[in-house]
1. So, R0 is 30 Å and r is the distance between the beta-carbons of LEU134 and LEU44; what FRET efficiency does that work out to, to 0.05?
2. If I model a spin label at PHE255 and VAL181 as a point 7 Å from the Cα along the Cα→Cβ vector, what separation in nanometres do I get?
3. Please identify the DSSP H helices in the chain that span no less than 24 Å along the helix axis (Cα) and have a mean Kyte-Doolittle hydropathy of 1.6 or more.
4. Can you give the helix-only mean residue ellipticity at 222 nm for the chain, where every DSSP H stretch with n ≥ 4 adds -39500 (n - 2.57) and the sum goes over all residues, rounded to the nearest 500 deg cm²/dmol?
5. Note the full-extension length gain between ILE64 and ASP113 as 0.36 nm times their separation in residues minus their Cα-Cα distance, in nm to one decimal.
6. Counting only other residues whose beta carbon sits under 12 Å from that of SER57, what net charge do I get with K and R as +1, D and E as -1?
7. Consider the candidate values (1) 19.3, 60; (2) 20.3, 64; (3) 25.9, 98; state which one is Rg and Dmax of the Cα atoms in Å computed from the structure displayed.
8. Return the loop-located trypsin sites (Lys or Arg not before Pro) in segment 204-239 (DSSP other than H, G, I, E, B) with at most 11 other Cβ atoms within 10 Å of their own Cβ; answer none if there are none.
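Here, each number is a calculation from the coordinates, and none is a lab measurement. These numbers come from a predicted model, not from an experiment. We place every Cβ from the backbone using ideal geometry, glycine too, and count neighbours over all the protein chains shown.
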Amino acid sequence: MTTTQAQATPDVRRTVAAAGTRHTLGRVLATLARSIAIFVPVFLVATFVTFALRSLSGLSPARIQLGEDATPEAIARVEAQWGLDRPFLVQYGDWFDGVLHGQLGTSWTNGADISTLIGLGLGVSLSVATFALLIGVVVGFALGTVAALRRTTWIDRAITGFVTAISVMPAFVVGIVLVAVLAVQLKLFPSAGYIPAEQGLGPWLAHITLPAVALSFDVVADVARQLRASLIAAYRENYVTGAVVRGLGPRRVFFGHVLRNGLGPALATLGLKFPSLVGASVVTEWIFGLQGFGRFANDSAQAGDVPAVQGVLVVSIVLVVVFNLFVNLVLARVTPASQRGV
């Protein structure tokens, strides 16, 4: 190799690396643009339907404040104070403008700011849901990977049986067992309550561990099953056979070809699981004495507090869209099928 060729080699490598970076960035930006293009109309339609719930429900703040025996004149006066006597589209426009500025309205029951009330409960639920998702991802990926690598063996059958068993266990039943054994009998964790992370990382983790474990069972089961199935399917593809024929080692074949192509279904599952962990854990929050997002939504619905319910639905929509956007960006970065636009 001449001196000129030796000097040119690093330049070529840098050029190839820069081209690869630009290609990856362009793919991620394209995924982001597609997701935003879907998000905007979905958000507009969802917020419109959400706001229309008040008219469809027939509920009124006057009924909550004055009772069922209120006169029509008193009802009209209270509704005028809340601006409910204006045209529907005018009300929607004012409400939607507030949503864009993070203002979700005022509670019919206590006159409190709904954004503040949701923020208090959402912090609790996000802490528990994030920890539950972390447990589910770590344990589910480990079980799914081992089952796929030891497919058709007793290890695979044992993991499949275990995953099937925990998938049918309701979170509230698991929560009751955890409280009875680990909190009441062994006194390893507090049985109820919540302490913010600002007051100490240790107490915060201690209070969210049991509810997170109770909620993680379903995530573990779904991730393990999806990952096992997709990894086994990837092992049967021609590109894996070709890699083995070329003499690549099992570790390189697994990490370079099988795992990257098998991650898609498991990651897509997470996009649906996280929002449900945040909002669908009402019973679990009751068991562990948590004033979370799901419990606030349940209390608001039972009280007929329509603005609070509308705020809960808006936040839920945002959580679903944002987390699925994050999952799509990860898929676009790590999976070859997404990189090819499949």
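1. With a Förster radius of 30 Å, E is 0.35.
2. Label at PHE255, label at VAL181, 3.5 nm between them.
3. Helices passing the filter in the chain: 114-149, 306-334.
4. Calculated from helices alone, the mean residue ellipticity at 222 nm is -25500 deg cm²/dmol.
5. 15.9 nm
6. After counting each charged neighbour, the total is +1.
7. (3)
8. Here the sparse-neighbourhood loop sites are ARG236.
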